[in-house]
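So the structure is just underneath, and the comments pick up after that.
The values are calculated or read from the model by the stated rules, or taken from the named source; none is laboratory data. Model, not experiment: these values are computed from the prediction. Backbone-built Cβ (ideal geometry, glycine too); neighbour counts: all protein chains shown. Areas reflect the complete protein model, heavy atoms only, side chains present, ligands, DNA and RNA absent. Shrake-Rupley method; radii C 1.70, N 1.55, O 1.52, S 1.80 Å.
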Amino acid sequence: MLVIAKKDFRQYFTSPVGYVCVAVVLALYGFFYYEVISTRSSGYIPGIYSSMLVWCMMIIPILTMRTFNEEEKNRTDQLLLTSPVSIPGIVTGKFAAAALVFTIMTLGSLLPCFFISAFGSPPWALIIGNVIASLAYGFAMIAIGLFVSSMTSSQIIAAIITFAVSMMLILIDHIPGGNTLLNKAAGWISFRARYDSFAQGRFSICDLAFFISVIAIFLFLTVRRIESRRWR
Amino acid sequence: MIEVKDLKKKYGSKEVLRGLTFSVPEGIVLGFLGQNGAGKSTTMNIITGYLSATDGEVTVGGFNVLEEPDQAKRLIGYLPEQPPLYMDMTVEEYLNFVYDLKQIRLDRKKHIEEICAQVGVDEVYKRLIANLSKGFKQRVGIVQALIGNPPVLILDEPTEGLDPKQRIEIRNLITELGKNHTVILSSHILSEIQEICERIIIIKDGMIAADDSTRHLTDPLRGCSDLLVQILGPAKEVRAALLKIAGISAAECLQETEPGVFEYSVTVREDADVRRELFEVLSRHGWPLMGLRSRKMSLEETFLRLTE
């Protein structure tokens, strides 16, 4: 698993993908921090992460779109699948690499906070809650993105589908219709509701378990998808 | 070393392999022949664990590829039809990645250096794979198959797309590797298979059409062999005299190669050596012998006969 993670992580930064994604996200964080500093109130900092959610929804599909279909296109999957590394090891390795890039982006966003803390008192509990929420959301979306990448041979289609799924999971609890069963189900799978809970500084095991379950389910589905290719 | 039992594979409703059974003992170079779509690559992919069979069983070194994949895969070095290379890596980075991927416990630097020197990629060791020629890419693919010194090498069309010089170099390398590895080699170049392999399996429509030693497959008449004889003399009488020689079962005049010189195809019975008597008969009649050579069936002829 570690060898796959190292290889994939390295590949993010031997192509412009890793640099561009990290640079764009950090530039956007920088812009939002600039706006917060302009208001002269560090209390607005947690809101930055909420605003960044939509940008992360666009960046994550770019990170995950080529994970499996690129290997299949270049036939390097033959090397991976004929080596003594298990399919779950390959999938978790790829997940770990994308998750590490996303973690670098998210943790990089804390740099301005440290400078601000020299001159004020940022609400660290809320900020850390937001960072954890962003990471949990990002990791879950990466797992979904990996699964989508294993489903299609086109990188563009993989990116569009992952983006569409992330939009759906964010907007699903806005379905009108009162207290119907559909609304309840939508609320249950909504990423936004779980994210907000963390972002408001409320640590909930339930919400954490939700994100971990999403990650586990989609990594499992990706493993099954890769295994199923061998039987086609 | 490799046991394949009743191997079947279906792609949808199309049956690609229809019950292949063969075994490959340790230390031989086996040639895998068949037309495009005959099932060669599918068989290789199943042996290496890349694909699963619809039915049947494959064991490598006693390990079932499906039930004990990790142990089986550790014994195999595989070069697929298209070398599995990461174009954004240098040769050094790629080989180190493969070394880690295969979980090898040898002296890394020494092991990789030895294989690179053996295969001849040391001069491009620091270069980006994307910038290498096709021949070097193929060599890097062979090096990755050799990492960890696996006892079994499976090479799917290793000389495909190479120029004649590179082809000879790779062929010599495979012959060298065959001295201490069990090798399964597929190629469209039949002369290459004939030269390198001790045994050949010909696949047709997912079934084994022939499985024999190269010598036997290139001499399918076995019980008898043909001679091509050129004799200066009257065709009718020469043919009659030839048929009188003990050991010759048939003689046929093929063509007049020079004025008065006719070429005959002569079928000789098993284990008979007719050369001495042939010389005596011809010299008695005063018919000069202008040429004499044995006529073995080429692998191309055997292949076409078995696959058409």
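Points worth noting:
- Less than 5 angstrom separates the built amide H of B:Ile184 from those of B:Leu30, B:Leu153, B:Ile154, B:Leu155, all sequence-distant by 5 or more or on a different chain.
- Spin-label model distance (nm) - B:Glu160 vs B:Tyr11, 7 Å beyond Cα toward Cβ: 1.2
- Alpha carbon convex hull of region B:2-217, projected area averaged over orientations, nm²: 11.5
- For chain B, built as a Gaussian network whose Cα springs stay under 10 Å, the top-fluctuating residue of B:Gly233, B:Gly260, B:Gly61: B:Gly260
- Per-residue Karplus couplings for region A:26-41, computed as 6.51 cos²θ - 1.76 cosθ + 1.60 with θ equal to phi - 60°, are listed in order as 5, 5, 5, 4, x, 4, 5, 5, 4, 5, 5, 5, 4, 7, 6, 9 Hz, Gly and Pro entered as x.
- Under the convention that each Lys and Arg Cβ holds +1 and each Asp and Glu Cβ holds -1, the size of the dipole of chain A around its Cα centre is about 460 debye.
- Area of A:Thr103 that stays accessible when all protein chains are in place (1.4 Å probe, Å², to 10): 30
- Among A:Arg66, A:Arg75, A:Arg202, residue whose mean-square fluctuation peaks in a GNM of chain A (springs only between Cα atoms under 10 Å): A:Arg75
- Largest-first ordering by accessible area, 1.4 Å probe, given options B:Leu228, B:Leu289, B:Leu75: B:Leu289, B:Leu75, B:Leu228
- Per residue, the convex hull spanned by the alpha carbons of the protein assembly as shown comes to 201 Å³.
- Cα gyration tensor shape of region A:42-154, rounded if a/c is under 1.5, else prolate or oblate by comparing a/b with b/c: prolate
- Interface residues of region A:1-39, defined as those losing at least 40 Å² of solvent-accessible heavy-atom surface relative to the isolated chain (probe radius 1.4 Å), are listed as A:Val3, A:Lys7, A:Arg10, A:Gln11.
- Take the Cβ atoms of A:Ala27 and B:Met87, set R0 to 25 Å, and the FRET efficiency comes out at 0.30.
- Accessible area that becomes buried as B packs against A, both chains, 1.4 Å probe, Å², nearest 100: 2600
- Violating pairs (Cα-Cα greater than 23 angstrom) within the set B:Lys134/B:Lys204; A:Lys7/B:Lys137; A:Lys7/B:Lys126; B:Lys165/B:Lys204: B:Lys134/B:Lys204; B:Lys165/B:Lys204
- Under the Karplus curve 6.51 cos²θ - 1.76 cosθ + 1.60, θ = phi - 60°, whole-Hz ³J(HN,Hα) for region A:149-166, x wherever Gly or Pro sits: 4, 6, 8, 10, 8, 9, 5, 5, 5, 4, 5, 5, 5, 4, 5, 4, 5, 5
- Per the Debye formula on identical point scatterers at the alpha carbon atoms of region B:225-295, with no solvent, log10 I(q)/I(0) at q = 0.12, 0.17 Å⁻¹ is -0.25, -0.51.
- Net charge dipole, region B:49-176: roughly 440 debye, given to the nearest 20, about the Cα centre with Cβ charges of +1 for Lys and Arg and -1 for Asp and Glu.
- Contact order normalised by residue count of chain A, Cα under 8 Å, 6+ apart, percent: 27
- A Förster radius of 60 Å, combined with the Cβ-Cβ distance separating B:Gln71 from B:Leu228, puts the computed FRET efficiency at roughly 0.65.
- Counted charge near A:Ser204, where neighbours are those whose Cβ lies closer than 13 Å (Asp, Glu -1; Lys, Arg +1): 0
- Per-residue accessible area (protein heavy atoms, 1.4 Å probe) orders A:Ile48, A:Ile217 as A:Ile217, A:Ile48, starting from the largest.
- Relative contact order (%) - region A:89-173, alpha-carbon pairs under 8 angstrom, separation at least six: 29
- Surface accessible to a 1.4 Å probe, B:Asp107 within the full protein complex, Å²: 90
- Computing Rg and the Kirkwood Rh from the Cα coordinates of region A:2-231 gives a ratio, Rg/Rh, of 1.00.
- Helical runs assigned H by DSSP (4 residues or longer) give chain B a calculated mean residue ellipticity at 222 nm of -10000 deg cm²/dmol, each run adding -39500 (n - 2.57) before division by the residue total.
- At least 20 Å² accessible surface lost relative to isolated chain, residues of region A:207-232 (1.4 Å probe): A:Arg230, A:Trp231, A:Arg232
- The aspartates and glutamates within cross-link reach of B:Lys10, meaning a Cα-to-Cα straight distance under 18 Å and a gap of 8 or more places when in the same chain, are A:Glu227, B:Asp55, B:Glu57, B:Asp205.
- Note on region B:32-143: with neighbouring protein chains present and a 1.4 Å probe, carbon and sulfur make up 46 percent of its accessible heavy-atom surface.
- Selection from A:Leu169, A:Thr14, B:Ala251 lying farthest towards where the dipole of the protein assembly as shown points positive, charges on Cβ: A:Leu169
- Accessible area per residue (1.4 Å probe, heavy atoms of protein chains only) ranks B:Lys40, B:Lys110 as B:Lys110, B:Lys40, with the largest value leading.
- B:Glu114 accessible area, assembled protein chains, probe 1.4 Å, Å²: 100
- Amide H contacts for B:Ile203 (H built 1.01 Å from N in the peptide plane; partners 5 or more residues away or on another chain; cut-off under 5 Å): B:Leu33, B:Gly34, B:Ala209.
- Ordering B:Ile115, B:Ala209, B:Leu101 by the projection of their Cα atoms onto the charge dipole of region B:98-235, which places +1 on the Cβ of Lys and Arg and -1 on the Cβ of Asp and Glu, puts B:Leu101 at the extreme positive end.
- With every protein chain in place, chain A: carbon and sulfur % of accessible area (1.4 Å): 73
- Net charge dipole, region A:145-232: roughly 360 debye, given to the nearest 20, about the Cα centre with Cβ charges of +1 for Lys and Arg and -1 for Asp and Glu.
- Here the label points at B:Ala272 and A:Arg40, each 7 Å from Cα along the C-beta direction, are separated by 11.7 nm in the simple model.
- Cβ-defined net charge surrounding A:Leu146, 11 Å radius [Lys, Arg +1; Asp, Glu -1]: +2
- Adding -39500 (n - 2.57) for every DSSP H run of four residues or longer, then dividing by how many residues chain A holds, sets the calculated 222 nm ellipticity at -27000 deg cm²/dmol.
- Residues with amide H under 5 Å from that of B:Leu292, placed H, sequence gap 5 or more: B:Gln230
- Region B:225-295, accessible surface, carbon-and-sulfur percent (1.4 angstrom probe): 48
- What region A:1-111 shows is 39 Å² of accessible area per residue, with the surface traced by a 1.4 Å probe over protein heavy atoms.
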